[in-house]
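The values are calculated or read from the model by the stated rules, or taken from the named source; none is laboratory data. The shown structure was predicted, so the numbers you read here are calculated from the model rather than taken from an experiment. Glycine gets a Cβ as well: all are built from the backbone with ideal geometry, and neighbour counts include every protein chain shown. For accessibility, only protein heavy atoms count, side chains too; no ligands or nucleic acids. Shrake-Rupley method; radii C 1.70, N 1.55, O 1.52, S 1.80 Å.
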Amino acid sequence: DALRLLERAGSRIDIAKVCAGLGGNLLEVRRMEEAETYLRRAAAEARAVGATGTLTSALYNLASLKTITHRIPEAVEFFEEAMQLYEEQERYDRAAWCAAWLAHCHWVLGSDRRAEELWHRAQRFLSKSPEPALRVRAMRRMASAAIEAGKANIGREVLHGARAEAQAARLAG
């Protein structure tokens, strides 16, 4: 209903935000077709009005959806664009997420050399992130990407690093 009201009002930025939110929520409950529809619309509306933050979020969620549904080549293009946008926004923790998931994609596709390059890029992004809590969160995402790609040793190493960083920063969670 809210979306219909926004459509009548012609508020494209709000439409993009609502569609991104709906798509993200539907992704969480594994309603993939509906999620993809809303996320694609969010990306299109955000692109049209230059809402970079909303666009980046929609692209990351589209990439995640493609990864979950094992459409890895499609995930790559969305992760690449999201990574570039996060880097431009200096949101290095999230750029690290994207680089790690891109590494995951390339490991799955059998491109180990490219995966290693992307993994190192994720680590460089991580080193640029000034906030310990954001770095720890990014490290957890990086570990998930490695573990899901069958790189459990790399994932464990990152998790140990995340734990050490969280302890050093006295992060409660």
Handout entry: Solvent-accessible area, 1.4 Å probe, carbon plus sulfur percent, for the chain
Key = 48 percent
Problem - Qualifying aspartates and glutamates (Cα of each under 19 Å from Cα of LYS151; at least 8 residues distant if same chain) - result: ASP112, GLU116, GLU117
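Between rounded, prolate and oblate, where does the stretch 48-110 land on the alpha carbon gyration tensor, with a ≥ b ≥ c its root eigenvalues, rounded for a/c under 1.5, else prolate if a/b exceeds b/c? The partial results should precede the final answer.
Values: a/c = 2.64, a/b = 1.54, b/c = 1.71.
Oblate is the answer for the stretch 48-110, as a/c is 1.5 or above yet b/c matches or exceeds a/b.
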Fill in the blank from the handout: With ALA149 itself left out, Lys, Arg at +1 and Asp, Glu at -1 over residues whose Cβ is under 12 Å from its Cβ give -2
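Mind running the shape call on the chain? Use the C-alpha gyration tensor, a ≥ b ≥ c as the square roots of the eigenvalues: rounded below 1.5 for a/c, prolate if a/b tops b/c, oblate otherwise.
On the way: a/c = 2.07, a/b = 1.61, b/c = 1.28.
It comes out prolate by the Cα gyration axes.
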Problem - Positive minus negative residues near ALA162 (Lys, Arg vs Asp, Glu; Cβ under 11 Å) - result: +4
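Give the Kirkwood hydrodynamic radius (Å, one decimal) of the stretch 102-173, defined as one over the mean of 1/r across all pairs of different Cα atoms.
Values: mean 1/r = 0.0810 Å⁻¹.
Hydrodynamic radius (Kirkwood, Cα pairs) of the stretch 102-173 is 12.3 Å.
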Problem - Cross-link reach list, lysines versus LYS17, counting only Cα pairs under 21 Å and skipping chain neighbours closer than eight places - result: LYS66
Practice task
On a 0 to 90° scale, report how tilted helix 152-168 is relative to the longest principal axis of the chain, with both axes built from alpha carbons and the result rounded to the nearest 10.
Solution key: 90 degrees
Practice task
With all protein chains present, calculate the accessible area of THR37 using a 1.4 Å probe and round the result to the nearest 10 Å².
Solution key: 90 Å²
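Given the rule -39500 (n - 2.57) for each run of at least 4 DSSP H residues, summed and divided by the residues of the chain, what is its mean residue ellipticity at 222 nm, to the nearest 500 deg cm²/dmol? Walk me through the numbers on the way to the answer.
On the way: 9 runs with 145 residues, N = 173.
Estimated from H runs of four or more residues: -28000 deg cm²/dmol.
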Handout entry: Solvent-accessible area per residue, Å², over the chain with all protein chains present [probe radius 1.4 Å]
Key = 53 Å²
Completion exercise
Summed over the other residues with a beta carbon less than 10 angstrom from that of SER57, with K and R at +1 and D and E at -1, the charge totals +2
Fill in the blank from the handout: Scalar couplings 3J(HN,Hα) for the stretch 60-73 by Karplus 6.51 cos²θ - 1.76 cosθ + 1.60 (θ = phi - 60°), nearest whole Hz, x for Gly and Pro, are 4, 5, 5, 4, 4, 4, 5, 5, 4, 8, 6, 9, 4, x
Completion exercise
Relative contact order in percent for the chain (Cα pairs under 8 Å, 6+ apart) equals 13 percent
Handout entry: Cα centroid separation, the stretch 108-163 to the stretch 59-85 (Å)
Key = 16 Å
